[in-house]
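J.: Next up is a structure, given as structure tokens.
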Amino acid sequence: QVQLVESGGGLVQGGGSLRLSCAASGSFFRITAMGWYRQAPGKQRELVATRDNADATNYADSVKGRFTVTRDFARDTTSLQMTDLKPEDTGLYFCYAAAQTRSWGAPAAFWGQGTQVTVAS
């Protein structure tokens with residue numbers, strides 16, 4: 001199993017910046033992708049950004065050019081640098097990892113507990 005622990009988040013004024021970090025631990029064969037999702041009140045969880053082992057990224061259209069997802073492959077950590085934050089970026093941000101728990105089989109999804117990001121207008 002994979003445990004994900006997030007840090008960062010908080011309250012920021014519109015136009016400001018925040019950085020989220022996440023570290024993976026536990027017993028697994030390898031992580032194949034890490035990144036971030038978010039959930040606003042009354043809405044479904046949605047992709048923010050991910051980076052896979054080929055170093056390919058996937059960003060939500062709404063955050064392209066403002067957010068950057070990075071990974072430290074050796075330490076199994078990921079960070080999300082958020083700039084030019086908008087009130088619509090407010091939500092609970094979840095760290096995500098796709099990991100193989102054995103040397104065979106498809107990766108499974110694992111989630112952190114979430115960290116709150118609130119952007120004031």
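J.: Remind me, relative contact order of the stretch 28-69 in percent, using alpha carbon pairs under 8 angstrom and six or more residues apart?
T.: 32
J.: What dipole magnitude, in Debye to the nearest 20, does the stretch 32-78 give about its Cα centre under +1 on Lys/Arg Cβ and -1 on Asp/Glu Cβ?
T.: The dipole of the stretch 32-78 has a size of about 220 debye.
J.: Using θ = phi - 60° and the Karplus relation 6.51 cos²θ - 1.76 cosθ + 1.60, list the HN-Hα couplings for the stretch 74-91 in order, rounded to whole Hz, with x at every Gly or Pro.
T.: Here the 3J(HN,Hα) series is 6, 9, 6, 10, 9, 9, 10, 8, 10, 10, 6, 5, 10, x, 6, 7, 4, x Hz.
J.: Which percentage, to the nearest 5, of the DSSP beta bridges contained in the chain is antiparallel?
T.: Within the chain, antiparallel bridges account for around 90 percent of the total.
J.: Can you work out the Karplus-derived ³J(HN,Hα) for every residue in the stretch 5-13? Use 6.51 cos²θ - 1.76 cosθ + 1.60 with θ = phi - 60°, whole Hz, and x for glycine or proline.
T.: Result, rounded to whole Hz: 10, 9, 8, x, x, x, 9, 9, 6.
J.: Let me spell out the model: positive unit charges on the Cβ of Lys and Arg, negative unit charges on the Cβ of Asp and Glu, origin at the Cα centre of the chain. What dipole size does that give, in debye rounded to 20? If you can, show how the numbers build up before the last one.
T.: Working: 12 positive and 10 negative charges, 27 e Å.
In total the dipole reaches around 140 debye.
J.: Taking the highest mean first, how do the peptides 66-72, 94-100 order by number of other beta carbon atoms within 10 angstrom per residue?
T.: Going by the mean number of other Cβ atoms within 10 Å, highest first, we get 94-100, 66-72.
J.: Right, something else. Quick query: amide H of GLY16 versus all other amide H atoms, modeled in the peptide plane; which residues come in under 5 Å with a sequence gap of 5 or more or a different chain?
T.: Residues meeting the amide H criterion: LEU85.
J.: Work out the charge dipole of the chain with +1 on the Cβ of Lys and Arg and -1 on the Cβ of Asp and Glu about the Cα centre, then indicate which of TYR59, ALA108, GLY8 is farthest towards its positive end.
T.: ALA108
J.: Same structure, new question: Please list 3J(HN,Hα) in residue order for the stretch 28-44, calculated via the Karplus relation 6.51 cos²θ - 1.76 cosθ + 1.60 where θ = phi - 60°; whole Hz, with x for glycine and proline.
T.: 7, 7, 6, 8, 9, 7, 9, x, 9, 10, 9, 9, 8, x, x, 10, 7
Each reported figure results from applying straightforward, stated rules to the coordinates on display, with no laboratory input. In this text the structure is predicted, and so the values were computed from the model without any measurement. Positions of Cβ are generated from backbone atoms using ideal geometry, with glycine treated the same way; all protein chains shown enter the neighbour counts.
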